[in-house]
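Everything on this sheet refers to the single structure shown next.
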Amino acid sequence: CLRVRNLLPVEISHEMQEKISEHAAWRWFSMLRHPILSSIAMDTMVSEIIQNAHKGRDSEEEFYPLHIYSAHDSTLIGLMCALRLEQPSQWPEYASALKIEIFEAECEEEKQDSSVFKRIRRYCRFSLNGTILNCTVGGASSEAVCLDELSSVLYSSRNGIEV
């Protein structure tokens, strides 16, 4: 932020500022990686985002296809940790954008009697400034995560249950 506005003291080189930013990002991510801590820090915002992602399934619900939130870089880091996203290579730049895309896909699922049925499921894909961030919900790191699974894991963390 200070670098973009040319407010850094002349004694701090670009390389020094990069190292400071890397260390600050490491500290923030280290602290907020714990599921309960990130839940405490980001609960209200994450809950609203997840609730909005679920809307529109029923035709009676009012649905808005676009939601815009404005936040500081440190809030983006808290949000990335709470959503279990991989750590980007550097601190989010000034005016960064974390995009959460919701899409639907038809899936085949097997019933207990071995019959197969098709179901529409919603998925989330995350990107920071155009770079896809994998999500670690469900144990594996993947580009898209099932919204129901993400909701379940985040709800469990919110209630102090390690998942």
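Within region 107-130, take every residue that is closer than 25 Å to S141 by Cβ and of a type in the set (A, V, I, L, M) and give me the one that is farthest from the chain's Cα centre (by Cα).
In this case the residue turns out to be I120.
Would you confirm whether or not region 40-53 contains a residue that is in contact with a strand residue (DSSP E or B) (Cβ under 8 Å, 6 or more places away or on another chain) and either within 24 Å of Y69 (Cα to Cα) or loosely packed, with under 14 Cβ neighbours inside 10 Å (or both)?
Yes, because at least one residue in region 40-53 is in contact with a strand residue (DSSP E or B) (Cβ under 8 Å, 6 or more places away or on another chain) and either within 24 Å of Y69 (Cα to Cα) or loosely packed, with under 14 Cβ neighbours inside 10 Å (or both).
Looking at (1) in a strand (DSSP E or B); (2) within 15 Å of the chain's Cα centre (by Cα); (3) without any contact (Cβ under 8 Å) to a residue 24 or more places away in the chain, can you tell me which one E149 breaks?
E149 satisfies every listed condition except (1).
Is it fair to say E93 is assigned to a loop (DSSP other than H, G, I, E, B) and on the phi < 0 side of the Ramachandran plot?
yes
Restricting attention to region 1-39, report how many residues are part of a helix (DSSP H, G or I), farther than 29 Å from S151 by Cβ and open to solvent by less than 60 Å² (accessible area, probe 1.4 Å).
4
Conditions (1) surrounded by 14 or more Cβ atoms within 10 Å (Cβ to Cβ); (2) within 30 Å of E18 (Cα to Cα); (3) modelled with pLDDT of 80 or more, marked per residue:
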site: C81; (1), (2), (3): yes, yes, yes
site: Q87; (1), (2), (3): yes, yes, yes
site: E93; (1), (2), (3): yes, yes, yes
site: A105; (1), (2), (3): no, no, yes
site: E110; (1), (2), (3): no, no, no
site: G139; (1), (2), (3): no, no, no
site: L150; (1), (2), (3): yes, no, yes
site: G160; (1), (2), (3): no, no, no
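Considering (1) of a type in the set (G, A, S); (2) in a strand (DSSP E or B); (3) farther than 27 Å from A24 by Cα, say which one G56 fails and leave the rest.
(2)
The values are calculated or read from the model by the stated rules, or taken from the named source; none is laboratory data. As the structure is a prediction and not an experimental result, all values here were calculated from the model. All Cβ positions, even for glycine, are placed from backbone atoms using ideal geometry, and neighbour counts span all protein chains on display. Note: accessible area is taken over every heavy atom of the protein model, side chains too, but ligands, DNA and RNA are not part of it. Shrake-Rupley method; radii C 1.70, N 1.55, O 1.52, S 1.80 Å.
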